[in-house]
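Trainee: I have a structure I would like to understand better, so I am pasting it below and will then ask my questions one at a time.
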Amino acid sequence: MDSQTISLSTANDELKNYARAKQQLAARLREVKQFLAARGDDARAAECQALFVKLAEDRFNLAVLGQFKRGKSSLMNAIIGRDLLPTGLLPLTSAITTLCYGPKPRVILKRQGWSLDDEIPLDELAQYVTEQGNPGNEKGLVEARVELPVPFLRRGLYFIDTPGIGSARQQNTATTYAFLPEADAALFITSVEAPLSESEQAFLRDLRALARKLFIVVNKMDLLAPAEHEPVLGYLRAGLTQILGSADVRLFPLSARLGLLGKQNNDPVTLSASGLQELEDALAAFLVHDKQATFLNTLLERTQGLLSQGDGEADALRAELDALRASLTQGVTESIEPREIPSAGAPILEQAIVSQRADTGKRDGQVARSGTCPVCDAQTRAVIDFFAAWQYTLATDEKAQREFAAARGFCHFHTWQFQEIASPQGLSAGYADLIDARTNELRAALEKMAPLTDAPQAETCAACRVAREAQEHALRHLLAQLATTEGRARYEKSAGLCLPHLRAALARAPAELAEMLTRAQIERLTEISEDMRNYLIKREALRRGLLNANEEKAWRRALVQLVGERNVRFV
């Protein structure tokens, strides 16, 4: 695949593969840390923990740089598809504005002399990051971190708006220069109004030695007549070749204004005319092909360095790391398939049941608790004791996790009983493979147009009749809403149906609508699986502050998707 023409949709698939590779590396790190701790090598175990922290903090800083009034904020607005960052005639304050992923929009302020961060509504951002709202940065802003539920930002991308160079405020230029060493890649923006000013040329000479990867954007192309495009771009190429010392200079001519209009109005003609898509594709290609493999391979090398040679167990761990390295050497972008799910009737789960059967026999003759049926009491004790043993196995044994997925988990009632005694960390470890297995079933159903099957549930009581009638009414209402464009847009932003109700909806929906529902569910389950695995990494890295609300509650969203809400009986 040409890394310069990769599409954003393809890049999203490959970024998911990267997320899975990261989870595989986390599993290997966990094994190495446990191995070192068991050998009493506390120093190397601590080093392994430090590598976990680096993996959890997987952060990519994409800095947007350029002279005042070149359209940096406008370009960022166009890429995220929202008129969010303030633009205007006055410069921004001498502070960094960072866009990153979060489950809901909010702004976190870091201010000089403040030990605690401050949270403000999104509509108050301009009061802190513009010269009009915060003249001379009198409010002492260091950074405004804007969290947004934007897919482009989801996998560790920090999109950073820096103060413009060349403005009347020298502190703005100083802030930008101070940030450059932290940038993993840079978007340098000039425009057709006055391309390559003296201050821009000086800045590019300094940037050449600091930037690991440089994208050069020529903004405001819509101000030129078509006949003027090539002469202006030719002038820029010649100047940049001399400044950067390379004839291989690629320019991205575009109009951020048209790009934002095209996205906001869902107008593919305007979006295509803007030239924005070519830049987005190149950014996506870089995120997939260059940054990720280097990051993971560096961690792999350092992990292997913690293991001594000539030790049987250590050599086995080294072999696992070598196997993972081989898959990364072929390219993180190649599909990294989920772990194989064995057939049902798994031995570990069966052994747990047999063990519990023996424990139950030992309790024969014990006096039941007062006021309860002895059979009920025995059942309750047996289930609780089984869960107590199984939750530890499920949280720590990867084979048990795969076998549990093959067994399709517990029933609705026992899933929620199990949740009562299991920890969020244990549930995230135990149910991630099960979520992946159901995702693969949905993919197969989509490809073969086969129905989504599950064990039938039928009840005959009056309450179930009420439930059936309420279910039918709700499904009819939902399907009617999904027949409209507005209804579909609202559904895609919602938590969606659980799998039992999705099955009922698919049985009633026309083919086109059934396909939309299935695709939306695949994406939803994929995100839940990623959030659960990210939760594990960040918890194990002892970096709870990195967790967002989606990751903290991913285990519960997974259970609801699998079996529905706790108090709902499906009929």
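Values in this text are rule-based calculations from the coordinates and carry no lab data. Please read these numbers as outputs of a predicted model, since none were measured by experiment. Cβ sites come from the backbone with ideal geometry, for glycine too, and all protein chains shown count toward neighbours.
Trainee: Multiply the residue separation of Thr241 and Val53 by 0.36 nm, subtract the distance between their alpha-carbon atoms, and state the gained length in nm to one decimal. Display every interim value, and only then the final one.
Mentor: Working: separation 188, 0.36 × 188 = 67.68 nm, distance 4.01 nm.
Here the answer is 63.7 nm.
Trainee: Can you compute the equivalent ellipsoid semi-axes for the stretch 408-563, i.e. the square root of 5 times each eigenvalue of the Cα gyration tensor, sorted largest first and rounded to whole Å? Don't skip to the end; give the middle numbers.
Mentor: Working: eigenvalues 161, 77, 44 Å².
Semi-axes, largest first: 28, 20, 15 Å.
Trainee: What fraction of the DSSP beta bridges in the stretch 43-152 is antiparallel, stated in percent and rounded to the nearest 5? Walk me through the numbers before you get to the answer.
Mentor: Working: 10 of 16 bridges.
Of all bridge pairs located within the stretch 43-152, approximately 60 percent are antiparallel.
Trainee: What trypsin sites (Lys or Arg not before Pro) does the stretch 212-305 have in DSSP loop regions with at most 15 other beta carbons within 10 Å? Write down the numbers at each step before the final one.
Mentor: Details: sites: Arg212, Lys213, Lys220, Arg237, Arg250, Arg257, Lys263, Lys291, Arg302; in loops: Arg212, Lys213, Lys220, Arg250.
Passing both the DSSP loop test and the Cβ count: Arg212, Lys213, Arg250.
Trainee: Tell me, what is the percent relative contact order of the stretch 408-563, built from C-alpha pairs under 8 Å that lie six or more residues apart? List each step's numbers first, then the result.
Mentor: On the way: 100 pairs, mean separation 57.9, N = 156.
The value is 37 percent.
Trainee: Oh, and also: I need Tyr177, Tyr18 ordered by Cβ neighbour count within 10 Å, fewest first.
Mentor: Details: Tyr177 16, Tyr18 24.
The order, fewest Cβ neighbours first, is Tyr177, Tyr18.
Trainee: Hey, another quick one. Exposure proxy check: Ser246, Ser73 ranked by fewest other beta carbons within 10 Å?
Mentor: On the way: Ser246 10, Ser73 23.
Exposure proxy ranking, most exposed first: Ser246, Ser73.
Trainee: Say a paramagnetic label sat at a point 7 Å from the Cα of Gln112, along Cα to Cβ; which residues of the stretch 129-149 have their backbone N under 12 Å from it?
Mentor: Counting only backbone N, you get 136-143.
Trainee: May I pose another question? Would you work out the charge dipole size for the stretch 408-563 about its Cα centre, treating the Cβ of every Lys and Arg as +1 and the Cβ of every Asp and Glu as -1, and quote it to the nearest 20 debye? Working shown, then result.
Mentor: Values: 22 positive and 20 negative charges, 42 e Å.
The dipole magnitude comes to about 200 debye.
Trainee: Now for a different question. Using only alpha-carbon positions, what ratio does the radius of gyration of the stretch 67-157 give when scaled by 2.2 N^0.38 Å? Walk me through the numbers before you get to the answer.
Mentor: Details: Rg = 12.9 Å, N = 91, 2.2 N^0.38 = 12.2 Å.
Dividing the Cα Rg of the stretch 67-157 by 2.2 N^0.38 Å gives 1.05.
Trainee: Roughly how compact is the stretch 499-556, stated as its Cα Rg over 2.2 N^0.38 Å to two decimals?
Mentor: Details: Rg = 15.5 Å, N = 58, 2.2 N^0.38 = 10.3 Å.
My calculation over the Cα atoms of the stretch 499-556 gives 1.50.
Trainee: How big is the stretch 227-331 along each principal axis, measuring the range of its Cα positions in Å and listing the largest first?
Mentor: That works out to 70, 40, 18 Å along the principal axes.
Trainee: So, one more: Just grab the label-to-label distance for Ala174 and Tyr392, each label 7 Å out from Cα along the Cβ direction, in nm (one decimal).
Mentor: Modelled inter-label distance: 5.9 nm.
Trainee: Which far-off residues, 5 or more places away or on another chain, put their amide H under 5 Å from the one on Leu148, with H placed in the peptide plane?
Mentor: Residues meeting the amide H criterion: Cys100, Tyr101, Gly102.
Trainee: Positive end of the dipole of the stretch 408-563, charges at C-beta (+1 Lys, Arg; -1 Asp, Glu), about the Cα centre: which of Ala554, Ile522, Leu497 has its Cα farthest in that direction?
Mentor: It is Ala554.
Trainee: Report ³J(HN,Hα) in whole Hz for each residue of the stretch 500-517, in order, from the Karplus equation J = 6.51 cos²θ - 1.76 cosθ + 1.60 where θ = phi - 60°; Gly and Pro get x.
Mentor: x, 6, 5, 4, 5, 5, 5, 5, 10, 8, x, 4, 4, 5, 4, 5, 4, 4
Trainee: Sorting Cys411, Cys48, Cys498 on the 10 Å Cβ count, fewest up front, what's the list? Please report the intermediate quantities before stating the final value.
Mentor: Working: Cys411 12, Cys48 23, Cys498 20.
Listing Cys411, Cys48, Cys498 from fewest to most nearby Cβ atoms yields Cys411, Cys498, Cys48.
Trainee: Still on this structure: Suppose each label sits 7 Å from its Cα in the direction of the beta carbon; what would the Arg302-Leu479 distance come out to in nanometres?
Mentor: Once both label points are built, they end up 5.4 nm from each other.
Trainee: In addition: Please work out how much length the chain gains when fully extended from Ser423 to Ala382, using 0.36 nm per residue of separation minus the C-alpha to C-alpha distance, in nm with one decimal. Intermediate values should be presented prior to the final figure.
Mentor: On the way: separation 41, 0.36 × 41 = 14.76 nm, distance 1.96 nm.
Length difference between fully extended and current span is 12.8 nm.
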